[in-house]
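Contents: one structure, followed by commentary.
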Amino acid sequence: MKKREDSNTLVSVVIVNTNKHQIKQAVKNLYDIDLAKVNALIRPDGEKAYGPLVPDYDALDVTNKIGVI
């Protein structure tokens, strides 16, 4: 939640063999929002993707829209 508010970033768990381009396109297709870039963190228990939103979007509004909060 803190990352979402402070840096306007979405965090998701993704499949390990997906690349950053695929993650960015999936977010655009599913939620109709743009990410500025994608950072991926591969851990033994899976992969997390961090995506800061472009300034036009607010992360709290987006998470409300997709039903996370």
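The values are calculated or read from the model by the stated rules, or taken from the named source; none is laboratory data. Everything quoted here is computed from the prediction, not taken from an experiment. Counting neighbours? That spans all protein chains shown, and the Cβs are built from the backbone with ideal geometry, glycine included.
Which ones in segment 20-36 are in a helix (DSSP H, G or I) and hydrophobic (A, V, I, L, M, F, W, C)?
Passing the criteria: 23, 26, 27, 30.
Mind checking which residues of segment 8-19 are closer than 14 Å to residue 63 by Cα and not in a loop (DSSP other than H, G, I, E, B)?
Matches in segment 8-19: 9, 10, 11, 12.
Could you list all residues from segment 46-59 that are surrounded by fewer than 17 Cβ atoms within 10 Å (Cβ to Cβ) and within 15 Å of residue 17 (Cβ to Cβ)?
Residues satisfying the conditions are 46, 47, 48.
Against the definition (buried (at least 16 other Cβ atoms within 10 Å of the Cβ), under 11 Å from the mean Cα position of the chain (by Cα) and at pLDDT 90 or above), how does residue 10 come out, yes or no?
So residue 10 fails the test.
Provide a single number: the residues in segment 47-69 that are more than 13 Å from residue 7 (Cα to Cα), modelled with pLDDT under 90 and not in a helix (DSSP H, G or I).
Residues in segment 47-69 being more than 13 Å from residue 7 (Cα to Cα), modelled with pLDDT under 90 and not in a helix (DSSP H, G or I): 4 in total.
Out of all the residues in segment 25-44, is one or more modelled with pLDDT under 90, surrounded by 13 or more Cβ atoms within 10 Å (Cβ to Cβ) and over 11 Å from the mean Cα position of the chain (by Cα)?
No, that holds for no residue.
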